[in-house]
Amino acid sequence: MELTEKEKMIAGKLYFSGDSELVADRKDARIKLRGINQETDKKKREELVKQTFGRTKNRVYVEPTISFDYGYNIFVGENFYCNFHNVFLDICPITIGDNCLFGPNVQLYTASHPLEPGKRNSGQELGKPITIGNNVWIGGSSVVIPGVTLGDNVVVAAGAVVTKSFPANVVVGGNPAQIIKTIEEESDKDALTQAREKIDHIDREIIALLEKRMSAVSEVTAYKAQTKKAVLDTSREEAVLANVADLVKDENYRETIVETFKDIMKQSRKYQEGRLE
């Protein structure tokens, strides 16, 4: 069965926006827009939003003015707050999770046009859905383009242009938006536990680096086996220790780190001697 133009639109396929059903839907949306934006009683405005959007939960607060194409393709979760002058071009679904905050002038665009001028001039349009996770804060004057998904807890800096999807727990900003930092949840663990977890994480990184170092030591061992060179190279070890001492930035740690490297080289010699026997 052939899809209607409305079904094509929602599915993200090429469609004709001049279709009579869609023209009527947009006309109806304009009437609902005026009702929402002119309503001064926040409870009544909330009820009008609930009647217009495709789905809401119990608490949804929208400041005037808001603009959208159809309204029925907007789906918002609990505790949604939308500041002044937001624009939702909802030819495809815009799905927003719980506890989301939108600053003023936020713009979500699911609408697009063909790149080929022939198709574009013919009146055909298309779009891609936008999906926003839970606990997302989008700063003022940010733009989100078609097809973007933002994971839970994402923060979008004011004025960002979000051209691609981002995972949970990041702050993004810029044009085009890039990850600025990772968001870490506050922990209820005591300071000792947190410090030990940091050490465990660093130890895993050190182990990986030591394995790489031992791989390089194995290459040295193979060369010494071929050339009959001695395992102990005093000048090389002295140069390594001097370099390590220079690289340590905190004077309080220098002696300990140098002694640690002495042990590493001692174990490297032992390893080489075992391979060369």
Residue list for the range 239-277, restricted to those being under 27 Å from Lys224 (Cβ atoms) and of a type in the set (Lys, Arg): Lys262, Lys266, Arg269, Lys270, Arg275
What's the number of the condition Val161 fails, among (1) over 21 Å from Ile10 (Cα atoms); (2) of a type in the set (A, V, I, L, M); (3) surrounded by fewer than 16 Cβ atoms within 10 Å (Cβ to Cβ)? (3)
Selection count where residues are more than 27 Å from Val171 (Cα to Cα) and not hydrophobic (A, V, I, L, M, F, W, C), scope the range 197-220: 7
Name the pairs: first residue in the range 41-63 and under 21 Å from Pro104 (Cα atoms) and part of a strand (DSSP E or B), second residue open to solvent by less than 100 Å² (accessible area, probe 1.4 Å) and β-branched (Val, Ile, Thr), Cβ to Cβ under 6 Å, at least 6 apart or on different chains? Val60/Val49; Val60/Val76; Val62/Val49
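Looking at the structure I just gave you, is Ile10 touching a residue at least 12 places away in the same chain (Cβ under 8 Å), open to solvent by less than 40 Å² (accessible area, probe 1.4 Å) and among the β-branched types (Val, Ile, Thr)? Walk me through it before giving the result.
Numbers: touching a residue at least 12 places away in the same chain (Cβ under 8 Å): yes; open to solvent by less than 40 Å² (accessible area, probe 1.4 Å): no; among the β-branched types (Val, Ile, Thr): yes.
Spelling it out, it is not the case that Ile10 is touching a residue at least 12 places away in the same chain (Cβ under 8 Å), open to solvent by less than 40 Å² (accessible area, probe 1.4 Å) and among the β-branched types (Val, Ile, Thr).
In the range 234-251, which residues are open to solvent by 70 Å² or more (accessible area, probe 1.4 Å) and under 24 Å from Leu276 (Cα atoms)?
Thr234, Ser235, Arg236, Glu238
For residues that are open to solvent by 60 Å² or more (accessible area, probe 1.4 Å) and part of a loop (DSSP other than H, G, I, E, B), tally how many sit in the range 19-30.
In the first step, residues of the range 19-30 are kept if they are open to solvent by 60 Å² or more (accessible area, probe 1.4 Å); the result is 20-21, 23, 27-28, 30.
If we keep only those that are part of a loop (DSSP other than H, G, I, E, B) as well, we get none.
Of the residues in the range 19-30, 0 are open to solvent by 60 Å² or more (accessible area, probe 1.4 Å) and part of a loop (DSSP other than H, G, I, E, B).
The values are calculated or read from the model by the stated rules, or taken from the named source; none is laboratory data. Please read these numbers as outputs of a predicted model, since none were measured by experiment. Heads up, the Cβs are rebuilt from the backbone with ideal geometry, glycines too, and the neighbour counts pull from every protein chain shown. Keep in mind that these areas ignore ligands, DNA and RNA; they rest on the heavy atoms of the full protein, side chains included. Shrake-Rupley method; radii C 1.70, N 1.55, O 1.52, S 1.80 Å.
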